[in-house]
Amino acid sequence: MSDATEADIHMIQRIIPHRYPFLLVDKVRDIVANQTATGIKNVTFNEPHFQGHFPGAPIMPGVTIIEAMAQTAAVMVGVSNDLADKDFLVYFMAIDGAKFRRKVVPGDVLELRVEVTRGKPGAKVWKFHGVASVEGETAAEADFTAMMDMPKDVSA
């Protein structure tokens, strides 16, 4: 288990396979191993979804906010279990209770707080609760379940 408490963009890319235009988290901080973490997403006008969602009134799609929460959770699990450079993959299994409370627009800094509600090192199925906020105001929240496809050479 790792003692690291944050991951910069370079570490994130060593843990999850996502790349532009679908890498949706810039930094993960406040990592408490296998428990909680906070992802940071700097929302910019240059992101491709703003071309069509919506022209003249750009709003970050809710599904991408939930994906950013899931990426934060995957990075937390990856950092916690020393999975950098080990072909770690994570798949959505369920999204429950998703609620959207505030628009997220270019210029916002999205904070993605995730906590494990079920899961432990070595488990294949993990559950998380995520809350996305901007300047302390809740933008979205959801519970989600993910399957952790651990590399065969890793024994957690």
_Quick query: amide H of Ala98 versus all other amide H atoms, modeled in the peptide plane; which residues come in under 5 Å with a sequence gap of 5 or more or a different chain?_
Asp143
*How large is the dipole of the chain about the Cα centre if only Lys and Arg carry +1 and Asp and Glu carry -1, each at its Cβ, rounded to the nearest 20 debye?*
320 debye
*Can you give the angle from 0 to 90° between the axis of helix 62-80 and the longest principal axis of the chain, with both taken from C-alpha atoms, to the nearest 10?*
30 degrees
*Rg in Å to one decimal, and Dmax rounded to a whole Å, for the chain via C-alpha atoms*: 14.9, 50
_Proximal charge balance of Gln71 [Cβ under 13 Å; K/R count +1, D/E count -1]_ = +1
*So, with a 1.4 angstrom probe, what is the percent of accessible area on the chain that is carbon and sulfur?*
52 percent
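The values are calculated or read from the model by the stated rules, or taken from the named source; none is laboratory data. Predicted, not measured: the structure shown is a model, and the values here were computed from it. All Cβ positions, glycine included, derive from the backbone under ideal geometry; neighbour counts span all protein chains shown. Heavy atoms of the whole protein, side chains included, go into the accessibility calculation; ligands, DNA and RNA do not. Shrake-Rupley method; radii C 1.70, N 1.55, O 1.52, S 1.80 Å.
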